[in-house]
1. Could you please give the count of residues in the range A:83-96 that are more than 9 Å from chain B (Cβ to nearest Cβ) and buried (at least 21 other Cβ atoms within 10 Å of the Cβ)?
2. Would you be able to say whether some residue in the range B:425-442 is surrounded by 23 or more Cβ atoms within 10 Å (Cβ to Cβ), part of a strand (DSSP E or B) and touching a residue at least 40 places away in the same chain (Cβ under 8 Å)?
3. For the list (1) within 14 Å of chain B (Cβ to nearest Cβ); (2) open to solvent by 20 Å² or more (accessible area, probe 1.4 Å); (3) among the β-branched types (V, I, T); (4) part of a loop (DSSP other than H, G, I, E, B), I need the number of the one condition that A:I195 fails.
4. Here are some residues: B:A120, B:A77, B:A126. Which one is more than 7 Å from every other protein chain (Cβ to nearest Cβ), closer than 19 Å to B:A427 by Cβ and either open to solvent by less than 20 Å² (accessible area, probe 1.4 Å) or not in a strand (DSSP E or B) (or both)?
5. Going through the range A:449-474 one residue at a time, which ones are over 29 Å from the mean Cα position of the chain (by Cα) and either at pLDDT below 95 or not in a helix (DSSP H, G or I) (or both)?
6. Looking at the range A:429-457, which of its residues are touching a strand residue (DSSP E or B) at 6+ places or on another chain (Cβ under 6 Å), hydrophobic (A, V, I, L, M, F, W, C) and within 8 Å of chain B (Cβ to nearest Cβ)?
7. With the requirement that a residue be at the interface with chain A (Cβ under 9 Å from one of its Cβ atoms) and open to solvent by 10 Å² or more (accessible area, probe 1.4 Å), what does the range B:39-74 give you?
8. What's the number of the condition A:A496 fails, among (1) modelled with pLDDT under 95; (2) open to solvent by 10 Å² or more (accessible area, probe 1.4 Å)?
There are 2 protein chains.
Amino acid sequence: MPLTPDLERIAARAAEVAPAWAATEPKQRAQALVAIADALMTASESLVVLGMEETGLAEARLNGELKRTAVQLRLFADEVVDGRYLDVRIDEADPDFALGVRPDVRRYRIPVGPVLNFAASNFPFAFSVAGGDTAAALAAGCPVIVKAHPGHPRLSVETARVIADALVDAGAPDGVIQLISGQQAGVDMLKDPRIKAGSFTGSIRVGRMLADIAAARPTPIPFYGELGSVNPAFATRAGLAASADAIVEGFITSVAQSAGQLCTKPGFLFVPSGNQLSEPIATATDAIAEHRLLNAGTTVGYRDRRDAILGTPGVTVIAEGDVRVDDEGNGWATPTIVSLPTSVLREHQESLLDEAFGPLSIVVEYDDESELAPLAAELFEGNLTGTVHAARGENTPELRELVEWMSQSTGRVLFGGWPTGVTVTPAMQHGGPWPATTNDSSTSVGTAAIGRFLRPVAYQGAPQDLLPAPLRDDNPWCVPQQRNLAGKSQSWGTRAVR
Amino acid sequence: MPLTPDLERIAARAAEVAPAWAATEPKQRAQALVAIADALMTASESLVVLGMEETGLAEARLNGELKRTAVQLRLFADEVVDGRYLDVRIDEADPDFALGVRPDVRRYRIPVGPVLNFAASNFPFAFSVAGGDTAAALAAGCPVIVKAHPGHPRLSVETARVIADALVDAGAPDGVIQLISGQQAGVDMLKDPRIKAGSFTGSIRVGRMLADIAAARPTPIPFYGELGSVNPAFATRAGLAASADAIVEGFITSVAQSAGQLCTKPGFLFVPSGNQLSEPIATATDAIAEHRLLNAGTTVGYRDRRDAILGTPGVTVIAEGDVRVDDEGNGWATPTIVSLPTSVLREHQESLLDEAFGPLSIVVEYDDESELAPLAAELFEGNLTGTVHAARGENTPELRELVEWMSQSTGRVLFGGWPTGVTVTPAMQHGGPWPATTNDSSTSVGTAAIGRFLRPVAYQGAPQDLLPAPLRDDNPWCVPQQRNLAGKSQSWGTRAVR
């Protein structure tokens with residue numbers, strides 16, 4: 001089916017501006033990213049007001065999220081100027097090469113072309129129009145088409161306008177960022193051959209549908225979807241003994257913030273049996289004010305999951321909380337915390353294990369730490385995060401086994417602390433094995449995300465004047481070049497046996 | 001459908017040994033790779049004899065290919081010890097971080113787990129049991145199951161035995177490499193949840209089928225398929241004038257070697273009209289001895305493609321060549337070279353554009369260099385390579401436009417030389433946009449291939465004694481660690497505007 005005239009114009013525009021945006025010099029592209037950050041902060045007041053109206057998220061949270069979004073753009077600006085992300089490798093021509101004369105070969109990474117980014121509902125800034133995937137794709141040199149989330153349509157339009165204006169003012173071609181709306185428009189655009197990569201943050205159901213579409217295209221494209229995660233947390237017996245109060249406080253804060261509508265909300269907290277946590281958890285939970293839910297779909301989904309969990313035999317309610325719909329149709333919730341022994345979790349996996357997107361978490365009581373890693377391996381699929389609360393200096397075989405399971409099954413392993421509030425830094429990994437993501441070889445937060453939107457190309461035997469700037473000997477962009485000298489290949493393998 | 005008992009045992013074994021192989025220290029893993037290289041060279045005589053029998057490839061070619069395979073393993077051994085591939089990033093804890101207190105975050109890349117590698121027919125060493133994907137996966141720390149190519153079954157078994165023995169002798173757990181046979185076994189194994197990545201070298205038809213299976217699994221996995229490529233080469237008018245003899249000689253050598261059964265064989269050579277190449281091309285082609293084809297399937301496929309091309313209206317035969325089947329059922333061929341104007345190529349795309357896997361190439365005569373880039377963009381999908389033969393110092397807008405098209409549509413852009421004989425070096429890129437590969441974000445030749453079999457994981461707030469070795473401050477493996485210091489985030493973005 002052909003695109004509608006509007007979508008056709010947008011796809012054509014993205015393809016048309018791709019070469020010019022890809023060819024921008026690092027400083028110019030970096031300055032454009034900084035200009036976007038500045039423009040977002042300048043417009044912050046009106047953007048945050050719109051966000052509050054459309055999402056029900058709190059002012060402080062949205063201000064923090066917008067600042068994070070701007071800092072993220074500045075971080076990518078530095079990454080672009082730094083140039084390590086290009087992974088420049090230069091093999092000198094080598095007449096003495098072990099396999100016969102080696103030509104001069106130079107390799108770097110180029111932008112893939114237009115990217116389609118499906119915005120999330122729960123981060124109207126940081127995972128939406130101006131979010132991480134947009135920042136990474138723009139930094140890589142790719143035009144971006146954002147499919148707006150229907151949960152914040154006006155904010156999406158306004159954010160796109162701020163970005164587009166800032167880009168044009170910074171000298172970028174008009175059309176480096178464009179916005180589309182509607183589920184069918186997103187699907188149709190994802191099938192268009194001019195789109196070279198897709199990114200997404202949302203549910204397993206929708207993410208899988210889109211990933212399947214991307215894979216089934218006549219020309220398949222990479223699709224980076226962040227889907228569902230229950231983020232199990234584990235307190236050892238010694239860890240709980242040392243810090244019960246802090247664990248309870250941190251746990252409830254992490255579950256309750258933004259009404260638990262965070263992909264990294266801890267959905268399970270494993271604690272030793274015989275603990276005295278019910279009362280402090282109930283007390284801490286009761287102190288949490290009611291919070292609006294993002295939209296009608298979220299409210300229905302959360303109520304259904306909560307009902308299923310509360311209706312499961314063997315579940316004990318620690319803090320019942322509530323979920324209600326007001327006269328204007330907005331959902332509101334206070335946190336619900338339940339507890340159960342491992343046997344109940346094992347017996348009722350079908351009702352207990354799926355993500356509850358909202359302020360609900362399950363406290364699981366175990367008898368012995370040696371159960372934890374095997375139980376986790378048995379029950380959990382891939383997750384964005386895994387958290388352990390151990391005592392200072394604790395280093396038992398059971399703890400090491402649990403940490404090993406977390407490293408194999410999640411994208412981020414936390415010691416102490418809580419998985420919500422993902423920091424934006426070079427070393428951050430926000431991803432994880434299916435169904436946490438559709439592709440666990442990359443991240444959607446942190447500078448490494450730029451690699452999603454690059455592919456390598458090599459030049460062999462090229463004259464200097466026909467090489468792209470990063471591959472030239474005079475290195476006009478001053479990027480790191482990994483040079484592999486001639487005459488070394490006869491000794492390959494000797495580092496291993498030295 | 002459950003696996004057969006044999007396949008079940010193999011999958012279970014791969015999963016069982018994965019943690020131990022992943023945990024090998026760099027030197028030990030590197031020594032095991034060198035041990036494989038040594039063992040292959042020690043067994044070279046018998047392996048090459050087997051290869052000659054089963055594939056019809058020449059002794060010199062197979063000796064060269066085996067040496068290349070051993071050198072590749074040694075290169076990966078050094079890569080493992082070097083440790084840059086781990087991409088270690090350490091963010092120091094930062095109380096002054098721009099978005100609030102930043103925890104200590106450390107990220108590196110870990111092996112994905114068992115890899116299923118589908119061997120190719122045309123490189124019984126370099127893209128088969130001991131080939132590039134096996135070397136990269138073993139280097140990454142992943143156990144490998146190779147699905148043998150039916151074209152060289154005994155060589156596959158013997159090579160696997162040599163590798164397995166060398167690995168065990170080097171202290172690796174038994175089962176780090178295993179072999180399976182049969183199409184259905186390959187498909188069934190690809191669907192097994194214990195397999196974490198797939199790789200393949202072969203036809204578009206089979207590669208697409210396998211890629212679709214990998215994407216449709218309940219838990220999708222990355223699938224790195226190298227499929228089809230026609231590798232267009234272009235001689236400018238000045239380039240041809242300067243080096244006609246060398247171009248003809250290099251072209252025919254590249255088309256004819258290994259009976260053209262190479263994924264990088266130049267399938268098209270664009271030359272200016274009015275050239276005098278027919279006679280020298282015919283003379284050079286006539287001097288090529290008949291060469292056996294790999295197997296019955298290759299013979300049938302090549303004969304069909306050759307018939308279709310020879311039967312296309314407007315095609316002029318420069319060197320007719322031959323393809324025949326001997327009494328033992330082996331196919332034999334001498335090169336076929338045809339020529340045609342661009343108009344014929346445009347008019348009969350359906351019969352002319354598909355890869356002819358064998359010693360056939362099409363000389364396309366153009367009138368003006370300004371035609372080349374637009375024509376290439378119109379006709380060709382993704383390719384592994386693009387080649388240009390220009391005169392020394394030539395740098396016209398038409399040439400730059402052609403180079404730009406090549407960089408966008410291929411994985412390797414060659415200036416002079418020919419795409420066959422891919423050198424194994426850190427900067428090599430062997431890949432390219434669909435249908436050259438199913439995934440153009442990586443390479444199947446060169447050290448960067450190790451990235452196919454790794455995924456990132458971050459540790460947040462971890463005590464030193466629970467960190468993996470590459471992330472520890474004392475850095476016992478001496479790997480490069482990119483440290484991001486505290487106190488810098490307030491100035492992010494300022495590099496762009498300095």
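The values are calculated or read from the model by the stated rules, or taken from the named source; none is laboratory data. Keep in mind that this is a model prediction, so the values were computed, not measured. Please note: Cβ atoms are built from the backbone with ideal geometry, for glycine as well, and neighbour counts cover all protein chains shown. SASA here: full protein model, heavy atoms, side chains in, ligands and nucleic acids out. Shrake-Rupley method; radii C 1.70, N 1.55, O 1.52, S 1.80 Å.
1. Summing the residues that are more than 9 Å from chain B (Cβ to nearest Cβ) and buried (at least 21 other Cβ atoms within 10 Å of the Cβ) in the range A:83-96 gives 2.
2. Checked the range B:425-442: at least one residue is surrounded by 23 or more Cβ atoms within 10 Å (Cβ to Cβ), part of a strand (DSSP E or B) and touching a residue at least 40 places away in the same chain (Cβ under 8 Å).
3. Tallying (1) within 14 Å of chain B (Cβ to nearest Cβ); (2) open to solvent by 20 Å² or more (accessible area, probe 1.4 Å); (3) among the β-branched types (V, I, T); (4) part of a loop (DSSP other than H, G, I, E, B), A:I195 fails exactly one: (2).
4. Of B:A120, B:A77, B:A126, the one residue that is more than 7 Å from every other protein chain (Cβ to nearest Cβ), closer than 19 Å to B:A427 by Cβ and either open to solvent by less than 20 Å² (accessible area, probe 1.4 Å) or not in a strand (DSSP E or B) (or both) is B:A126.
5. A:A458, A:Y459, A:Q460, A:G461, A:A462, A:P463, A:L467, A:P468, A:R472, A:D473, A:D474 - these are the residues of the range A:449-474 that are over 29 Å from the mean Cα position of the chain (by Cα) and either at pLDDT below 95 or not in a helix (DSSP H, G or I) (or both).
6. Across the range A:429-457, the qualifying residues are A:L454, A:V457.
7. Listed by number, the residues that qualify are B:G64, B:K67, B:R68, B:V71, B:R74.
8. Going through the list (1) modelled with pLDDT under 95; (2) open to solvent by 10 Å² or more (accessible area, probe 1.4 Å), A:A496 breaks only (2).
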